[in-house]
Structures are given as structure tokens and as C-alpha cells.
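Encoded as C-alpha cells, the structure appears first; notes follow it.
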Amino acid sequence: MSKFSVIVVAAGRSERFDDKESKVFAKLGDQPLFLRALQLFCNREDVCETLLVVSPDDMDQMKSKYGPNIGFMGVKLIEGGSERYESVAKGLAAVSEDADFVAVHDAVRVCVAEQWIDKIFEAASRNGTAVPITPVTSTLKRLGDDKAISETVARKGLHLAQTPQVFRRTVIQEAYDKLNQEAPEPDDIPTDDAQAVDAAGHKVMTVDGDPRNIKITTKNDLALAGAILKALPQKPTSRRGAFEEAQW
């Protein structure tokens, strides 16, 4: 069985969430988003380690309020950088060499079924890389500085990338080593890991994602995520998760 190291990225600036604290601490039901994201992976037999990368501004709160929970889950806590790629690079620096693959997942994507992770991990084991995608179905418009439509963008062949994105450990580490050496210009900073791996010259394979795997960006997304969670497919299980009955 291939071994997977999982990096959960919770170091975003939350500029569109409009709250005093980072959106990773926002609660869905009785649990903060980042804990829900960690629970997607911590009980998997094919996951050998889980790392949580946190913004420096949130590190004190993470340690003081959730340190015992994180420790009980066996999660490594890593201080992130100012850009997403810097945070992922710091997570990669702490990944064990025992891992065959690295999965990178957004802490604010909590609407993920176990079966979907199974499919992504299996595809990565076969192909070396696996990125879940969904086709763009809406008409795309490019706006000018005055907010008027300047162009209609053809959507044929366009897809939305999701997480977890999974890569052979040596491949993603090589890609990020190259990225850090080159110190990219602002317009060249990758917005996801597939972009970084592709830029390093590696072919990135995809797998069908699911539109329910939303990224929580605004407070309005919390209500939508709550509804989606109730409708996600569930696997029959005889074991309890580590935090199934925990109260936060």
C-alpha cells in the first residue's frame, strides 16, 4: 500500500471572509473548519502523517485553544509563509521520507466524501499525480477596470481545480525546490500545486471531481457547506472517528 503524507493548508489571509479571526476557525456545526478538514485524513490507513500549516498570525491561537486536540490527533503543526506556495514549501520541508506521495488540501474544503479521497489516492498511485477537476459550466466574462464586460471567454476545455491534489513526493518536492530558487514574480506565483508541478515540467493527470467539493470563501458559503455535508455519500463503518463525539 502506498503511503501518503497530507499537508492541510490553513495559512490564507481570509480577506473575503469579513471576520475578526481567520476563516479556518469559523465553525460549521460545533467544529472549526480546519478540524473538519484534518478529520478527512487522520483515520485513513494509507495516511502516514498529517501536517497542518498555519499562518504566523494564527499560531498562538491555534496552540493555546486547539493544541491538545491537534496533539491527540498526531498532527504536525507548521508555521506557514506569506504566500500559499511558501506555506506548502514549509510543509514539504517537514514531510517524512517514508511517504510515497504528498496530498495537499485546503483547510476550507470540508465537503469531501471518503470515496472521493479513495479515488484520488488510487489515481495518484497509478499515474504519479492526481488533481480533481470539474468542468466550467457557466459563461465566463472578463471585465475591464470600469467593471464593464470586455470579453466573453470560451469555456470549452476549461475546468475548475479542487483539492486534495496528490503528487509523488519526489515530484512535488522537486517542483517547489525549483520554485523557491527562482523567486517568482507576482504574476507568476502559482495559485495551486498543480500549477507549480506543471511549471517544473511534470505531466499532471486529473480525475473527475465533484461540484459539492466547494471552497469556503465567504460566510454565505458556510450555510451551503452545512447543507452539502448532510447530503454527502457515506461509507458503512464499524469504527468511530477520533472526534466523532467530541464537543468543541
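Values in this text are rule-based calculations from the coordinates and carry no lab data. If you're wondering where the values come from, they're calculated on a predicted model, not measured in any experiment. Cβ atoms come from the backbone with ideal geometry, glycine included; neighbour counts cover every protein chain shown.
Overview of values
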item: Förster radius 35 Å - calculated FRET efficiency between Thr170 and Glu114 (Cβ-Cβ, nearest 0.05); result: 0.85
item: Value at 222 nm in deg cm²/dmol, rounded to 500, when DSSP H runs of n ≥ 4 in the chain each add -39,500 (n - 2.57); result: -9500 deg cm²/dmol
item: Rough spin-label spacing in nm, given labels placed 7 Å along Cα→Cβ, for Lys27 and Lys215; result: 2.7 nm
item: Two-decimal Rg/Rh across segment 1-87, once Rg and the Kirkwood Rh are taken from alpha-carbon atoms; result: 0.96
item: Bins of 10 Å, starting at 0 and running to the largest distance - Cα pair percent for segment 143-204; result: 18, 37, 28, 16, 2
item: Of Phe167, Phe101, Phe25, the one that fluctuates the most in a GNM where the chain has Cα springs shorter than 10 Å; result: Phe25
item: Virtual spin-label span in nm between Ser150 and Ser2, 7 Å along Cα→Cβ; result: 4.1 nm
item: Theoretical FRET efficiency, 1/(1+(r/R0)^6), r = Cβ-Cβ of Gln181 and Ala227, R0 35 Å, to 0.05; result: 0.20
item: Contour minus Cα-Cα distance for Arg44 and Lys141 (0.36 nm per residue); result: 30.8 nm
item: Relative contact order of segment 4-231, defined on C-alpha pairs under 8 angstrom at six or more residues apart (%); result: 23 percent
item: Mean Cβ count within 10 Å, highest first, over the residues of peptides 191-200, 211-220; result: 191-200, 211-220
item: Per-residue Cβ neighbour rank within 10 angstrom, fewest leading, Val171, Val166, Val9; result: Val171, Val9, Val166
item: Longest to shortest principal axis, alpha-carbon extents of segment 4-231, angstrom; result: 52, 39, 37
